[in-house]
1. Shape of the stretch A:276-355 from its Cα gyration tensor (a ≥ b ≥ c, root eigenvalues): rounded if a/c is under 1.5, otherwise prolate when a/b > b/c, or oblate?
2. Can you list the residues, at least 5 places off or on another chain, whose amide H is less than 5 Å from the amide H of A:G246, using H built in the peptide plane?
3. Tell me the relative contact order for the stretch B:299-389 as a rounded percent, counting alpha carbon contacts under 8 Å between residues six or more apart.
4. Within 10 Å of each Cβ in peptide A:34-46, how many partner chain Cβ atoms are there on average? Round it to a whole number, please.
5. Residue by residue through the stretch A:112-120, which ³J(HN,Hα) values in whole Hz follow from phi under the Karplus form 6.51 cos²θ - 1.76 cosθ + 1.60 (θ = phi - 60°), with glycine and proline marked x?
6. If you put +1 on each Lys and Arg Cβ and -1 on each Asp and Glu Cβ, how big is the dipole of the stretch A:2-172 around its Cα centre, in Debye rounded to 20?
7. Any idea how far the Cα center of the stretch B:336-384 sits from the one of the stretch B:50-75, in Å?
8. Considering only the label points, 7 Å along Cα→Cβ from Cα, what distances in nm to one decimal separate B:S385 from the same position in each other copy, shortest first?
Number of protein chains: 2
Amino acid sequence: MIQCAIFAIGEELLEGSVTDTNSSYIAKRLTSEGLFPRRVALLPDEKECISSSVETAMRNYPLVITAGGLGPTFDDLTTEAIAQACGVKTALYEEAEKHITERLTRLNVKINKNHLRQAFLPEGSVLFPNPHGTAYGFGAEAYNSIVISLPGVPYEMYAIFNESVIPFLKNRFTLKAPFKVDLRFGDIPESDVDSVIRNMSIPEGIRCIINVSMGEVVVKIRDDGLSGGERFAEKVKKALEYHYLGKDDESPAVIAVKLLKEHGFTLSVAESCTGGLLGGVITSVPGVSELFTGGIISYKNKVKTEQLRISEDTVRRYGAVSEECAVAMAKGVKILLHTDCSIAVTGIAGPDGGTPDKPTGTVYIAVITGESVVCKRFLFSGDRSSVRDRTVKSALVMFAKTLKNL
Amino acid sequence: MIQCAIFAIGEELLEGSVTDTNSSYIAKRLTSEGLFPRRVALLPDEKECISSSVETAMRNYPLVITAGGLGPTFDDLTTEAIAQACGVKTALYEEAEKHITERLTRLNVKINKNHLRQAFLPEGSVLFPNPHGTAYGFGAEAYNSIVISLPGVPYEMYAIFNESVIPFLKNRFTLKAPFKVDLRFGDIPESDVDSVIRNMSIPEGIRCIINVSMGEVVVKIRDDGLSGGERFAEKVKKALEYHYLGKDDESPAVIAVKLLKEHGFTLSVAESCTGGLLGGVITSVPGVSELFTGGIISYKNKVKTEQLRISEDTVRRYGAVSEECAVAMAKGVKILLHTDCSIAVTGIAGPDGGTPDKPTGTVYIAVITGESVVCKRFLFSGDRSSVRDRTVKSALVMFAKTLKNL
């Protein structure tokens, strides 16, 4: 079991004005290859702090990865700090210099000496080219360990990581991917899942974690050795079969798209309180173009009556947030865009708009598949953003469960 | 300057299957009150590791905050670890027990002894009620420090933090909010902003960080003492006035909505490659209901021609990803939904669909305000998700700049 450390670098991370997403990306990729992050921390843009944290981590782990602080501006100090941690100087790398010059020339940017700071890297480094930016990644050795330093701009980091770092790691370490599965369940409370698993008793050597996220319960099963993780996962899945949605990265959107494809159905959406988020999440799945036709964002009632052809009487009598309106929205968009299925959501996301009858967090979700119409009322806790996110996720879970049981 | 430590707890965070957003939330709120996080790390669900990390942090900082691991399941070990770190036992708290019983009864959940584990907290704790869940937050003292432990479900944590923890901290510490501003600029390269600021020379005692995010350049200016931070911020803002968009939490969406309100305009959107995300981001701003009418998600061309009334000839001759189509989409939705302004986006988010002429990442954004029509072509690097996010942000920056300079 090869352990490692990850540092995300940037003052903006420590003060919370930017959320670090790089270390979770790196951790996830490493874990799936059989490298285990045991130390993950955020570090400020301070040379001494970066240098000493990296040095300590290198003395404890054979692999340390940092993200951030490789930019051209005065507050980017990671390269110098790492050189210091490894006890070497920085030197000009012609390959990096050429890359920077060519890239900036192509973008019509006038090159100054700050740009070229990015071509100075610790002596003896392995270079990792950056296809999307000027900052090269690099790996520097010391203390029988290697520190790999990557830029903090997420899509630049992802590309370098996948194109260069992963092949490098596979070459350097003898990696064995562990057994690892996330089982996703919908429409069931966390405590019920917990009881079922407790009654099974978890075999020695298997780690099992239960997470709840927006109405989904995710059971994570890990087996670093040969403790029967796969068999145990099958057992858990079987015990909770009725609520099983999918596994691993199969988010409700991915599962819904997969089921749509299997059925050869097309889908449209009508959205009120989510304002387009549901369509946004569905279209985040690549390859959805043949299945997802489009939608109507009927934020104001006028759009509901004029575009979705809901009678003014329905809106007046039952209100825009009602079962009747949700079903009419789903019917309206299905007819308008000529699709096989449709999903409609209408609710009160807050902070204002709640009433004693329909408090903030009240949401109606209607799902139509062919002739079948289902509508459910939800009451979500939390702020505007949580209510909207949970609405989207619940709509997709509802839709996926409907398709699965057709 | 009161320093503190933050730990986000959960195996799923270390292995990267869930991204930690709690510590950045906590860090941001603490920073704005004058408490400075200097140690932020993720910890596994291991009692010894949590206990020793918390104890070390308590010996170094007067305040330690943890999030996560207070749930009812077998892998939730934070409470016991913290009791151990503080050298006390856990005890049953009747207030917490009553809260759990009442809440679960209301939700028709059958109570078992695992649920009641959440009522056992370190002896001598201060309690922080949870309005949205069963897990109470608590504060435990040792080593002249206090550790405050909160549940990991974000909206539960936010509510406890704002309703109970902030007042508690204000009472316990003498807090002085530092000067702190984020200046947001659009349509300008990072290196230009850097050059301007370098030429000014940053006064001693002021920290200045430059971040780039999706086409926005954010200059963060911090002054913990009395070093003229406010004056310096004014100078930076003035030097880059033309590109200035807004400050602090004024995301492009917030700025766009603010400017819409000032002009008394209504807005609609037509979205192709973003599939609803743009509308989703606009409606994330509370109070937008009077200004945002709705939109058409014209993912398939049929929706562009049938709903937005774009001539089939335009689509055939120029393609769905073209200036002509983007402008026609913006005109179409503006007329259809009777609004003063409209934004339309069409592009190739990838991974497939690119051509030599229009590679993946090619996006057209059209903005109409009254009679004025602007359309720009962009070429975004990165994966599908980055291209879509940058499209949304760039559309909002474009729209905000247009309204600002009307």
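1. oblate
2. Amide H to amide H, under 5 Å and 5 or more residues apart or across chains, A:G246 pairs with A:R184.
3. Rounded, it is 23 percent for the stretch B:299-389.
4. Counting other chains' Cβ atoms within 10 Å and averaging over A:34-46 gives 5.
5. 10, 5, 5, 4, 6, 3, 6, 8, 8
6. 460
7. After rounding, the separation between the Cα centres reads 47 Å.
8. 1.6
Coordinate-derived values only; no laboratory data. From a predicted model like this one, the values you see are computed outputs, not experimental measurements. For neighbour counting, all protein chains shown are included, and Cβ atoms are generated from backbone atoms with ideal geometry for every residue, glycine included.
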